[in-house]
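Okay, so here's the structure we're looking at.
The values are calculated or read from the model by the stated rules, or taken from the named source; none is laboratory data. These figures come from a predicted structure and were not determined experimentally. Every residue, glycine as well, gets a Cβ built from its backbone with ideal geometry; the counts of neighbours run over all protein chains shown. We work out accessible area using only protein heavy atoms, side chains counted, and drop any ligands, DNA or RNA first. Shrake-Rupley method; radii C 1.70, N 1.55, O 1.52, S 1.80 Å.
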Amino acid sequence: MAAFTVVSVVLTVAVSLILYNRFYAASREATVRSAQSVVMQTRENLEDYLVSMRRISDAVNFNVVSEIDLTDPALEQEMGLIYESHKDHLISIALYDGSGSLLAAVPVISQKADPDVTRQGWFIDAMDEIENMHFSTPHVQNLFDDATYSYHWVISLSRAVEITDSETTRLGVLLVDMNYSAVSQIMEQINRNENGQYYYLCDGEGNIIWHPKQILIREGYAKEDSAAAAARADGVYRETWQGEKRELVIRSISYTGWKLVGVIPDSSFSYGIINVQYFAILQCILTLMMLLAVNRIVAGRISRPILRLNDSVAAYEAGEKPAIYIGGSAEIRHLGRSVQHSYEQIDSLMRQIVEEQSERRRSEFDALQSQINPHFLYNTLDSITWMVEGGRNEEAVYMISELAKLLRISLSGGHTIIRIGDELQHSRSYMNIQKMRYRDRFRVEFQTEKDIEEFCCVKLILQPILENAIYYGVGDMDAEDGGKILVSGKKEEEDIVLTVEDNGAGMPEEMAARVLTDSTIVHRRGSGVGLLNVNRRIQLIFGAAYGLRVESEPDCGTRVTVRFPAVPFTAENQKRLEQGKLPGQEETQRKQDGTAEAQVAQSTRNGVQT
Amino acid sequence: MKHDRKKDTRMLFLLAELVLGIAAAGMLAVMFSGEKETPKAAVIVSQSDSGQWSAFVAGIKQAASDRNIDVVISSTGWLTVEEERALMQQEMDSGADALIVQPAPGTGTERMLRETAGNVPVMLVGAGTAAGDAAPSFPVMMADNYAMGEALAGMIREDFAGKLDGRTVGLVSRTPDAADAADRERGFLDGMKGTGCTVQWTLRGTDEDKTEAIYAENRVDLVAALNTGDLEAAGTDAEARRIHGALVYGIASSTKALYFLDHDNVEGLVFPNGFELGYRSFAEVAEKLEHGSYRMQSGDVSFRTLRREDLFSGEDEVLFMPQ
């Protein structure tokens, strides 16, 4: 999120800068174009003015001086007429001879005592280049007396003329003094900018004709680079003057060699667009404010809850208590709850596995206990002893060999899964020993399909059933009562069904029902590992759908049916079953049958007392 | 710990938003504040329409244009202290943010200026305060009056090669209460010491009607006019041949004075730079208006000595200000 904010701010600033620069460039171009336009227009105005002055001079020269004799009073009259028609722009029109003597002048004013005409620039220029008209730079007219005690700033237009004096011609100088204020007004009109832009007029050598700060320049308070500007051809230039960058627009004024210079300091380009600068800055500030707020909102609703969720998951994985963070937006809360539920399920399943493993161990311990039931062993060895003492060695040998077989299969190398064939052999050996002990008071018959012997079976499931059949069934019957225990086994579809059926005392129906459910039943006789244990062990391995079924009727007998899946006995299947994996089935499906696991756990917790 | 960190982050966020919000509000205020009102300064000088102030007014207007400050030149005649006080009050009531004032002659000017101006910045021009008054507590822009008096004496000494034994001079100084006149007179008299020239008479506040009689009855070789008005009057008298051949010298700053110089009615002029006076005094005032904490500075403006042959040289031609 911080990266997004930074990128957005950078982009916003960049875009603002680019837009401002484009706007500035456009403004600059427009300003320069505007200045060029002003310069062009002003040049035209000045040229028009100068042309009109030239025309006045031409009119006086060609229509008056050349046509009228000097001695004719009409000369001054004609001059006066021309003056009157243009007196707004003129100070005076005067005619001098070659020695600087005043011949005629309008308006009628007295000449100064000693104006020293021949040393004045306009006179010298006119006499030096008689073919041209000459425009002077602005100066104070130093020719005539003014009763108002005032002096006039003029621009002198002088030219050499031929004067007819009593029918003789001589060279003279016609002087038209233009009112400088006319030029001054034209220039003042275009110098009303407040942005620092200004225009000035100089002659071909850089002498200032008009400048908004001409007095300051003359007094030495200001400077202008007019000489350099005058040396340049017409065009637009960029220069640095007194540390300030500026654009110059230069145009020449015809007839005079003057230069009209427009000066545009760089600061004037940004004069009117200061608000644009402020707007760009304001935009950046508002964008930053908005981004900070969005950043905080997103962080508060999304980033932070995700990070907290991640931290809580990491804490759980590190072994802390599973307190998964539930917060933030609906999606993140859902995520948290799902993770919490998953971890709770994992915990529960792990507990179940631990409990099952404990139960398995307890069951196996119980089964193991039955394997080495000291009472059965003691009794059997005791029987062997009195057989040997009684000289019944063959019977003793038989008992010993059956006992050996029984113990061998009981151990089975520590496996809990054996062949059905071995389980049947174990039960045969057990029954053979019991028959001898019980002096054949009952018969045992095994009716099992040969095919089933190569399938897997939980070890020591038949012996406890046979034990119960003897102790609670046929064990107390006399030989003539015809007690019988039938062990049968077959394969039914995908299952193995083993049956132990006796015709002994039987038990009430309610008791038969309790045998596989009530763990508090105390076995009065036998190994103490009852049918409940057998049922649990079968269900632990194969699932709750399998196990024992007890059917009994008092005085009729009892039938115990064992059912489990037909799993061919191979080393791999044996290993998988002992690991709790049913070949071809998901482990979790088996573990989802909670009834069996709960029963096993309950049975294990209560224990089986002997 | 986590709670504290969360709280710190929240505070930081609020602080950042507050700072940015203030910046944005400030920017908006600047953008929509509109054009700042242009400050205004008023100029109060005696006989403001006379030619002696042409250059001064040109300097004032140039500086006002450069600094983008409005300026009002009050139209006045001869001002008394009371009249000047009323005019100052009027201009301040009209919105003047600063005043440029030529102190009216007479005692009590300093106190009047202090009491009237209040917090409005005041720049004195031409002179400090009246002779005998307290030292000015306002900044003053003026030419060195004593030095001008000395320079005037110097011109006379130069023209006569220092040989003025037996020569007489008449002093014309019709505004003796003005501090500038007193300093000029002192400078002139000090400058003339040891020349052998004696002061025959001094015209102070004399009716003009009696001037001709004084000229006729007390002929002098030289007339020294110590201010523009007196020099113009002497020049007029010289033009009318009423001063009986006395050579006129003076301290003046008007086109009319230049006219008299141009027409040999005046032999020599000490010409204070009126343009510089106006420009620099207004520049100080402008600086004060732009930077409120700025302390206005007093200053000396330049003057030059003029003779007829100098008048139309490029450098001195600038003295001919448009009327």
Can you give me the number of residues within the stretch A:253-275 that are more than 10 Å from every other protein chain (Cβ to nearest Cβ), polar (S, T, N, Q) and open to solvent by 10 Å² or more (accessible area, probe 1.4 Å)? 4
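Please work out if A:Gln340 is farther than 30 Å from A:Leu19 by Cα and surrounded by 13 or more Cβ atoms within 10 Å (Cβ to Cβ). Break it down stepwise before answering.
Details: farther than 30 Å from A:Leu19 by Cα: yes; surrounded by 13 or more Cβ atoms within 10 Å (Cβ to Cβ): yes.
For A:Gln340, the condition - farther than 30 Å from A:Leu19 by Cα and surrounded by 13 or more Cβ atoms within 10 Å (Cβ to Cβ) - is met.
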Scan the stretch A:468-482 for residues that are out of contact with any Leu (no Cβ under 9 Å at 6 or more places or on another chain) and buried (at least 24 other Cβ atoms within 10 Å of the Cβ) and report the count. 4
From the list B:Val220, B:Val266, B:Val285, B:Val301, exactly one residue is under 21 Å from B:Gly149 (Cβ atoms), among the aliphatic types (A, V, I, L, M) and away from chain A (no Cβ under 14 Å). Which is it? B:Val220
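Would you say B:Leu258 is away from chain A (no Cβ under 14 Å), among the aliphatic types (A, V, I, L, M) and in contact with a helix residue (DSSP H, G or I) (Cβ under 7 Å, 6 or more places away or on another chain)?
Working: away from chain A (no Cβ under 14 Å): no; among the aliphatic types (A, V, I, L, M): yes; in contact with a helix residue (DSSP H, G or I) (Cβ under 7 Å, 6 or more places away or on another chain): yes.
When the stated conditions are applied, B:Leu258 does not pass them.
For (1) within 14 Å of another protein chain (Cβ to nearest Cβ); (2) closer than 17 Å to A:Met178 by Cα; (3) open to solvent by 10 Å² or more (accessible area, probe 1.4 Å); (4) in contact (Cβ under 8 Å) with a residue 12 or more places away in the chain, each residue gets a yes or a no:
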{"site": "A:Thr71", "(1), (2), (3), (4)": "no, no, yes, yes"}
{"site": "A:Asp97", "(1), (2), (3), (4)": "no, no, yes, yes"}
{"site": "A:Leu102", "(1), (2), (3), (4)": "no, no, yes, yes"}
{"site": "A:Gln111", "(1), (2), (3), (4)": "yes, no, yes, yes"}
{"site": "A:His152", "(1), (2), (3), (4)": "yes, yes, yes, yes"}
{"site": "A:Ser158", "(1), (2), (3), (4)": "no, yes, no, yes"}
Extreme residue, modelled with the highest pLDDT, among residues of the stretch B:7-22 that are facing chain A (nearest Cβ under 9 Å) and farther than 19 Å from A:Ile285 by Cα: B:Arg10
Qualifying residues in the stretch B:144-174 (those that are open to solvent by less than 30 Å² (accessible area, probe 1.4 Å) and modelled with pLDDT under 90) - the one nearest to B:Phe282 (Cα to Cα): B:Ser173
Going through the stretch A:419-467 one residue at a time, which ones are surrounded by fewer than 24 Cβ atoms within 10 Å (Cβ to Cβ) and small (Gly, Ala, Ser)? A:Gly421, A:Ser429
Just checking, how many residues over the stretch B:41-58 are of a type in the set (A, V, I, L, M, F, W, C), buried (at least 23 other Cβ atoms within 10 Å of the Cβ) and not in a strand (DSSP E or B)? 4
Out of everything in the stretch B:23-33 that is surrounded by 11 or more Cβ atoms within 10 Å (Cβ to Cβ) and more than 8 Å from chain A (Cβ to nearest Cβ), what residue ends up being modelled with the highest pLDDT? B:Ala25
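Among the residues that make up the stretch B:214-230, is at least one of them more than 28 Å from B:Leu311 (Cβ to Cβ) and buried (at least 16 other Cβ atoms within 10 Å of the Cβ)?
Pass one, the stretch B:214-230, residues more than 28 Å from B:Leu311 (Cβ to Cβ): B:214, B:216-219.
From what's left, buried (at least 16 other Cβ atoms within 10 Å of the Cβ): B:214.
Within the stretch B:214-230, one or more residues are more than 28 Å from B:Leu311 (Cβ to Cβ) and buried (at least 16 other Cβ atoms within 10 Å of the Cβ).
Any residue at all in the stretch B:127-134 that's open to solvent by 50 Å² or more (accessible area, probe 1.4 Å) and at pLDDT below 85?
yes
With respect to B:Gln89, determine if the residue is away from chain A (no Cβ under 14 Å), in a helix (DSSP H, G or I), out of contact with any Pro (no Cβ under 8 Å at 6 or more places or on another chain) and among the polar types (S, T, N, Q). Please lay out each step first, then the result.
On the way: away from chain A (no Cβ under 14 Å): yes; in a helix (DSSP H, G or I): yes; out of contact with any Pro (no Cβ under 8 Å at 6 or more places or on another chain): yes; among the polar types (S, T, N, Q): yes.
When the stated conditions are applied, B:Gln89 passes them.
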Just to verify a result, which residue in the stretch B:71-93, among those that are at pLDDT 90 or above and among the hydrophobic types (A, V, I, L, M, F, W, C), is nearest to B:Tyr279 (Cα to Cα)? B:Val71
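For residues that are among the basic types (Lys, Arg) and either free of Cβ contacts under 8 Å to residues at least 12 places away in the same chain or more than 10 Å from every other protein chain (Cβ to nearest Cβ) (or both), tally how many sit in the stretch A:276-318.
2
Could you check how many residues of the stretch A:178-192 are surrounded by 14 or more Cβ atoms within 10 Å (Cβ to Cβ) and within 14 Å of another protein chain (Cβ to nearest Cβ)?
The total comes to 8.
Looking for whichever is surrounded by 15 or more Cβ atoms within 10 Å (Cβ to Cβ) and within 20 Å of A:Glu194 (Cα to Cα) here; the options are A:Arg43, A:Arg28. Which one fits? Steps first, please.
On the way: A:Arg43 fails: within 20 Å of A:Glu194 (Cα to Cα).
Only one candidate qualifies: A:Arg28.
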Whether any residue in the stretch A:558-567 is at pLDDT below 85, crowded, with 16+ Cβ neighbours inside 10 Å and farther than 22 Å from A:Leu486 by Cα is what I want to check. no
Hey, can you tell me all the residues within the stretch A:189-219 that are in contact (Cβ under 8 Å) with a residue 24 or more places away in the chain, in contact with a Pro (Cβ under 9 Å, 6 or more places away or on another chain) and not aliphatic (A, V, I, L, M)? A:Asn195, A:Gly196, A:Gln197, A:Tyr198, A:Tyr199, A:Tyr200, A:Trp210
Can you spot a residue in the stretch A:195-213 that is within 30 Å of B:Glu239 (Cβ to Cβ), aliphatic (A, V, I, L, M) and surrounded by 15 or more Cβ atoms within 10 Å (Cβ to Cβ)? no
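If the requirement is being within 17 Å of A:Arg537 (Cα to Cα) and in a helix (DSSP H, G or I), which of these qualifies: A:Glu453, A:Glu510, A:Glu423, A:Glu480? Walk me through it before giving the result.
Working: A:Glu453 fails: within 17 Å of A:Arg537 (Cα to Cα); A:Glu510 fails: within 17 Å of A:Arg537 (Cα to Cα); A:Glu480 fails: within 17 Å of A:Arg537 (Cα to Cα).
Every option except A:Glu423 fails the conditions.
Condition first: more than 28 Å from B:Leu226 (Cα to Cα) and either touching a helix residue (DSSP H, G or I) at 6+ places or on another chain (Cβ under 7 Å) or surrounded by 15 or more Cβ atoms within 10 Å (Cβ to Cβ) (or both). Now tell me which residues in the stretch B:286-321 satisfy that. Don't jump to the end; show me each part of the working.
Let us first name the residues in the stretch B:286-321 that are more than 28 Å from B:Leu226 (Cα to Cα), namely B:286-296.
Listed by number, the residues that qualify are B:Ala286, B:Glu287, B:Lys288, B:Leu289, B:Tyr294, B:Met296.
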Exactly one condition in (1) farther than 30 Å from A:His211 by Cβ; (2) out of contact with any helix residue (DSSP H, G or I) (no Cβ under 7 Å at 6 or more places or on another chain); (3) within 14 Å of chain A (Cβ to nearest Cβ) is not met by B:Ser50; state its number. (1)
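Taking the stretch B:62-104, which residues are among the hydroxyl-bearing types (Ser, Thr, Tyr) and farther than 26 Å from A:Arg218 by Cβ? Talk me through it step by step, then tell me what you get.
Going through the stretch B:62-104, the residues among the hydroxyl-bearing types (Ser, Thr, Tyr) turn out to be B:65, B:74-76, B:80, B:94.
The answer is B:Ser74, B:Ser75, B:Thr76, B:Thr80, B:Ser94.
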Could you say which residue among A:Ile297, A:Ile250, A:Ile281, A:Ile302 is loosely packed, with under 14 Cβ neighbours inside 10 Å and within 56 Å of the chain's Cα centre (by Cα)? A:Ile297
Scanning the stretch B:59-81 residue by residue, those farther than 21 Å from B:Thr228 by Cβ, out of contact with any strand residue (DSSP E or B) (no Cβ under 7 Å at 6 or more places or on another chain) and open to solvent by 40 Å² or more (accessible area, probe 1.4 Å) turn out to be B:Ser65, B:Asp66, B:Arg67, B:Asn68
Is it the case that A:Ser401 is open to solvent by less than 60 Å² (accessible area, probe 1.4 Å) and at pLDDT 90 or above? yes
